[in-house]
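The values are calculated or read from the model by the stated rules, or taken from the named source; none is laboratory data. On a predicted model such as this, the values are computed, not experimentally measured, just so you know. Here the Cβ is made from the backbone with ideal geometry for all residues, glycine too, and neighbour counts use every protein chain on show.
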């Protein structure tokens, strides 16, 4: 009897925004699954290359077939206290310790710790979110989850436009910061640096590709 290896893919969304949590996801897919064959009607790719409707449809399919699916959100309070680098590493470390798998592939080039005996089974791969099925799935789940969080936060703080900029440093978001100030969901170091660095005619602080 052939023993299939459980491979877990991990990716995060939300390192660059001025507001909101960092969200990471871990997904284990069936070892014999070829997503494009199982769901030929869906587009399945790095979440940044999909529009919101495509991501939502793909996320529903991923939840349907995943053997394991877990999300970790690092709060703004934690990011303000510990920094975004710590948040990025910690999100993945927490997920790896929670998910049972034989191999873990993390998008990016991080040095992870606190993994105990799992350390030797973890590899970090640059651009894995464009080539590894499980990592692609994790990128989609993380993005859909974070977007929903930001749309919910928008209901209480509509002046910042989080329902469409998802907390990224668009011109309108920064203009709102100058007019109304920041709130409890802003990353204070990010906001302070941005406002000190850029003048009033601001074309946008950060690449906004994830805010589509």
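Exactly one of these conditions fails for residue 112: (1) on the phi > 0 side of the Ramachandran plot; (2) free of Cβ contacts under 8 Å to residues at least 24 places away in the same chain; (3) touching a strand residue (DSSP E or B) at 6+ places or on another chain (Cβ under 8 Å). Give me its number.
(1)
Across the range 103-116, which residue is nearest to residue 46 (Cα to Cα) among those that are surrounded by 14 or more Cβ atoms within 10 Å (Cβ to Cβ) and touching a helix residue (DSSP H, G or I) at 6+ places or on another chain (Cβ under 7 Å)?
Of everything passing the filter in the range 103-116, 107 is nearest to residue 46 (Cα to Cα).
Restricting attention to the range 165-189, which residues are assigned to a loop (DSSP other than H, G, I, E, B) and surrounded by fewer than 20 Cβ atoms within 10 Å (Cβ to Cβ)?
Within the range 165-189, 181, 182, 183, 184 qualify.
With the structure loaded, tell me whether residue 60 is buried (at least 19 other Cβ atoms within 10 Å of the Cβ) and assigned to a helix (DSSP H, G or I) or whether it fails that test.
no
Sort through 28, 65, 76 and tell me the only one that's assigned by TED's automatic domain parsing to the domain that holds residue 122 and in contact with a strand residue (DSSP E or B) (Cβ under 6 Å, 6 or more places away or on another chain).
28
How many residues are crowded, with 24+ Cβ neighbours inside 10 Å and outside any loop (DSSP other than H, G, I, E, B) when one looks only at the range 15-31?
Adding up the residues that qualify gives 7.
Can you go through 95, 42 and tell me which one is surrounded by 22 or more Cβ atoms within 10 Å (Cβ to Cβ) and at pLDDT 95 or above?
So the residue among 95, 42 that is surrounded by 22 or more Cβ atoms within 10 Å (Cβ to Cβ) and at pLDDT 95 or above is 95.
State the number of residues belonging to the range 126-157 that are out of contact with any helix residue (DSSP H, G or I) (no Cβ under 8 Å at 6 or more places or on another chain) and surrounded by fewer than 24 Cβ atoms within 10 Å (Cβ to Cβ).
Residues in the range 126-157 being out of contact with any helix residue (DSSP H, G or I) (no Cβ under 8 Å at 6 or more places or on another chain) and surrounded by fewer than 24 Cβ atoms within 10 Å (Cβ to Cβ): 11 in total.
Mind counting the residues in the range 128-141 that are modelled with pLDDT of 95 or more and out of contact with any strand residue (DSSP E or B) (no Cβ under 6 Å at 6 or more places or on another chain)?
3
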